[in-house]
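Notes follow once the structure below has been shown.
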Amino acid sequence: MKIVITNDHAATELKTELLFHLAGKGHAVEDMGSNGARAEYPEYARAAAKKIAAGEFDFGIFLCGTGAGMCIAANKVRGVRAIVCTEPFTARLAREHNDAQILCIGARVVGRELAKMIADEFIAAKFEGGRHAERVDAFMKFESE
Ligand code: RB5
């Protein structure tokens, strides 16, 4: 899979862990995040979310202290569906039911091994379509209101 990863200063170590983990599984991972310098999450989320919306990557993994700031900012970009996850069950269902393309994780909340499990589950799961596609289509129309 083609994956873009981004992060602010609160999540540099977790970014590095996930980058090596995902690359080791054969994914093509592009790093658009901070490498430790103070980074404003709205700008980092916007830049990477635009690439997801443009179809340049299959998935995004956005990391900050809680995951919340990255998630809120990413969801302001048209065409994006971002979620915050602290466990793998929601990560899987957010793909299967909500067709989420961006996974946000809080580096101050989730340990690195759990973060890897969450990311693996998210990437492996497939959108089920059907009634779920109708619901996704319904809420995506909110963007044109
Ligand atoms: C940065 O201190 C922190 O606010 C940020 O990483 C994130 O948790 C925001 O939602």
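Points to keep in mind about this one:
- Helical content of the chain, expressed as a calculated mean residue ellipticity at 222 nm, amounts to -13500 deg cm²/dmol (DSSP H runs of 4 or more residues, -39,500 (n - 2.57) each, divided by residue number, nearest 500).
- Each part gets one Cα centre, and for the range 100-145 versus the range 37-92 those centres are 10 Å apart.
- All other residues whose Cβ lies under 14 angstrom from that of ALA23 are scored, Lys and Arg at +1 and Asp and Glu at -1, for a net of 0.
- Rolling a 1.4 Å probe over the heavy atoms of the protein chains gives the chain an accessible area of 51 Å² per residue.
- The chain - share of DSSP beta bridges that are antiparallel (%, nearest 5): 0
- Net charge of neighbours whose Cβ lies under 9 Å from the Cβ of ALA73, counting Lys and Arg as +1 and Asp and Glu as -1: +1
- Whole-percent carbon and sulfur share, accessible surface of the chain, 1.4 Å: 52
- Segments 18-30, 112-124 sorted - mean Cβ within 10 Å per residue, highest first: 112-124, 18-30
- Relative contact order of the chain, pairs being alpha-carbon contacts under 8 Å that are 6 or more residues apart, as %: 23
- Under 14 Å, Cβ to Cβ, from ALA125 - net charge with Lys/Arg +1 and Asp/Glu -1: -3
- Cysteines in the chain lacking any other cysteine Cβ under 4.7 Å from their own Cβ: CYS64, CYS85.
- Kirkwood hydrodynamic radius (C-alpha pairs) into Stokes-Einstein, the chain, 20 °C and 1.002 mPa s, D in µm²/s: 145
- Pairs beyond 18 Å (Cα-Cα), from LYS51/LYS141; LYS2/LYS25; LYS25/LYS50; LYS50/LYS76; LYS2/LYS51: LYS51/LYS141; LYS25/LYS50
- Label positions at GLU87 and ARG46, each projected 7 Å from the Cα along the C-beta direction, are separated by 3.5 nm.
The values are calculated or read from the model by the stated rules, or taken from the named source; none is laboratory data. Remember, predicted model here, so these are calculated numbers, not experimental data. All Cβ positions, glycine included, derive from the backbone under ideal geometry; neighbour counts span all protein chains shown. Accessible surface areas use protein heavy atoms only, side chains included; no ligands, DNA or RNA. Shrake-Rupley method; radii C 1.70, N 1.55, O 1.52, S 1.80 Å.
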